[in-house]
Amino acid sequence: FAILHDYRASDTMQTRKPPCRRKQDERMCLMKPLQKGFPEGFLWGGAIAANQAEGAYDADGKGLDISDGFPHGIKHGYDPELVPGQFYPTHEAIDFYHRYKEDLALMQEMGFKVFRTSINWSRIFPNGDDAMPNEKGLQYYDDLFDEMLRRGMQPLVTLSHYEMPLALATKYNGWVDRRVIDCFAKFCHVCFERYKDQVKYWMTFNEINNTLKLPYLAAGMVVADDANAPQRQYQAAHNMFVANALAVKACHEMIPGAKIGCMLSLSTAYPNTCRPEDVMETYQLRQRSLFFSDVMLRGRYPSYIDRKWEELGVQVQMEPGDFELIAQNTNDYLAFSYYMTSTHIAGMKIRSNTGGHVGADNPYLEKSKWGWPIDPVGLRFVCNELYDRYQKPMFIAENGLGTADTIDSDGRIRDTARMEYLKKHIEALQQAVADGCDIFGYTWWGPIDIVSAGTGEMEKRYGFIYVDKDNQGNGTLQRRKKDSFEYYKKVIASNGQDLELPAED
């Protein structure tokens, strides 16, 4: 109390009485008021990735990146060399590269406070290890961030969002090779120097834990399904941890006041039953993801990884100073994607997609058209799990519903299911805030329809804004507001308090 209330020796009980006289009163004095709504200044917005939206895959000096070779999304394999005449949906995508001013005007109309996108590494360094950056690529993001700021949106920038230059993946097998660390550090340094007056919120690797689930996409490496796969995956993970620490260090030194987070895919799984084996194995499954945030937020390797590596025969090569670098340069906040939950049965094959773990069905949950379980309560659960574990600020970097949309005869798109999904997840987020979770922002995944990373489809739509394009690449690219556009606009204007759905007509 002497510290809390600045009592002085001459300031006795006769002139000032402490406000708490009993132990239970003392406990109440130290509790913060219950947060019943979203905090003032909460960052509402939307999120895209450069490779799924920009198009212009070979424009203005851009090199190929690892996402350029998927004709049908990551679920169906990639072409290491582009096939002449083959349609690649990301090559044009929605042409955000040329239409960003039009699109950001629509985001401003919805009231966005923040807009998340990525800097495509191959626009800045076409081969990843070029001597000099590509000025046209740098200028593009200069102009993009200026436009965001002009329209009242903070840029939230991911440095590596499944966009490693293809040349690095081919030359080094991606992050398996430690030499890629220097390439990434150089890329980060160039970005921080160029955009230090525009960007205050950064993230290093998108869904870094997918290094174990989707290794080519997350780490640019080809991993055969054999006993040596874990060795390559965990080696890549360590190299990325070192690169992350170097990026954090450079960001803090070069941009005082900036915040740089780590980003993970943290949709979760429940035990399918209360059978102890199901519970234990589900917990171990969760450790596969939280291993990454444990290192990046706590600054050390968790004790449970020693047994895991021994069982897998993994011996990660590290250099002197790696541990100290990682320990001294932890991320400022945890950003994560949340789409769904699943259930896990001990012994079942571990499968994943871009939404998270794919396990046994949960009979208590409905599914989206693409088979993803819809679980708003799971979002509250995950927020509590993560905040209890790390006690660091959190940002919901991706949450959304991919489904089919129909244009009615009157020209409207009545996407009621999307609004219901948003409403229920915002309500769950409100509960998490009231639980004491420190959450400072929320970006809906795909506020405008973009190419699906998982399937390469345009018709798996997330947006509040419809883009006229089909799965075969046909369409005018015309933008059209869906009913959910006005709904999200209302949610933002009320800081998440007005969630009433529009009356059906």
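The values are calculated or read from the model by the stated rules, or taken from the named source; none is laboratory data. All values reported here derive from a predicted model rather than from experimental measurement. Note: ideal-geometry Cβ built from the backbone for every residue, glycine included; neighbour counts use all protein chains shown. Just the protein is used for accessible areas: all its heavy atoms, side chains included, with ligands, DNA and RNA removed. Shrake-Rupley method; radii C 1.70, N 1.55, O 1.52, S 1.80 Å.
Table for the structure above
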{"quantity": "Solvent exposure, largest accessible area first (probe 1.4 Å, DNA, RNA and ligands not counted), of ASP68, ASP483", "calculated": "ASP483, ASP68"}
{"quantity": "Packing-based ranking, highest mean first, of 111-117, 434-440 given that Cβ atoms within 10 Å are counted", "calculated": "111-117, 434-440"}
{"quantity": "Options [x] 65, 48, 45; [y] 87, 50, 50; [z] 88, 64, 53 - which one matches Cα extents along the principal axes in Å as calculated here", "calculated": "[z]"}
{"quantity": "VAL83 - accessible surface, heavy atoms, 1.4 Å probe, Å² rounded to 10", "calculated": "70 Å²"}
{"quantity": "About the Cα centre, charge dipole magnitude for the chain (Lys/Arg +1, Asp/Glu -1 at Cβ), debye", "calculated": "1660 debye"}
{"quantity": "Where the range 56-112 is the region considered: accessible area per residue in Å², 1.4 Å probe", "calculated": "45 Å²"}
{"quantity": "Cβ crowding within 10 Å averaged over residues, with 130-137, 372-379, 324-331, 262-269 ranked highest first", "calculated": "262-269, 372-379, 324-331, 130-137"}
{"quantity": "16 Å tail of the calculated P(r), the range 312-386, as % of Cα pairs", "calculated": "66 percent"}
{"quantity": "Amide H within-cut-off set for TYR270, under 5 Å, with H built and near neighbours excluded", "calculated": "SER342, THR343, HIS344"}
{"quantity": "Heavy-atom accessible area order for ARG307, ARG275, ARG179, largest first, 1.4 Å probe", "calculated": "ARG307, ARG179, ARG275"}
{"quantity": "Percent antiparallel among DSSP beta bridges (both partners in the chain, rounded to 5)", "calculated": "20 percent"}
{"quantity": "Relative contact order, percent, the chain [alpha-carbon distance under 8 Å, six or more residues apart]", "calculated": "17 percent"}
{"quantity": "Spatial separation of Cα centroids for the range 403-464 and the range 370-400, in angstrom", "calculated": "15 Å"}
{"quantity": "Portion, in percent, of the accessible area of the range 409-505 that falls on carbon or sulfur, probe 1.4 Å", "calculated": "44 percent"}
{"quantity": "Those GluC sites (Glu not before Pro) in the range 404-505 that DSSP places in a loop and that have at most 13 other beta carbons within 10 Å", "calculated": "GLU500, GLU504"}
{"quantity": "Among the listed pairs LYS308/LYS460; LYS213/LYS367; LYS213/LYS469; LYS113/LYS481, those beyond 28 Å (Cα-Cα)", "calculated": "LYS308/LYS460; LYS213/LYS469"}
{"quantity": "Apportionment of accessible area to carbon and sulfur, the range 232-369, percent (1.4 Å)", "calculated": "51 percent"}
{"quantity": "Sulfur and carbon atoms: percent of accessible area, the range 44-196 [1.4 Å]", "calculated": "50 percent"}
{"quantity": "Set of lysines with alpha-carbon distance to LYS62 below 21 Å, sequence-local pairs under 8 removed", "calculated": "LYS101, LYS136, LYS171, LYS186"}
{"quantity": "Protein-only accessible surface order, largest first, of SER494, SER289 at 1.4 Å", "calculated": "SER494, SER289"}
{"quantity": "Selection from PHE440, THR268, THR211 lying farthest towards where the dipole of the chain points positive, charges on Cβ", "calculated": "PHE440"}
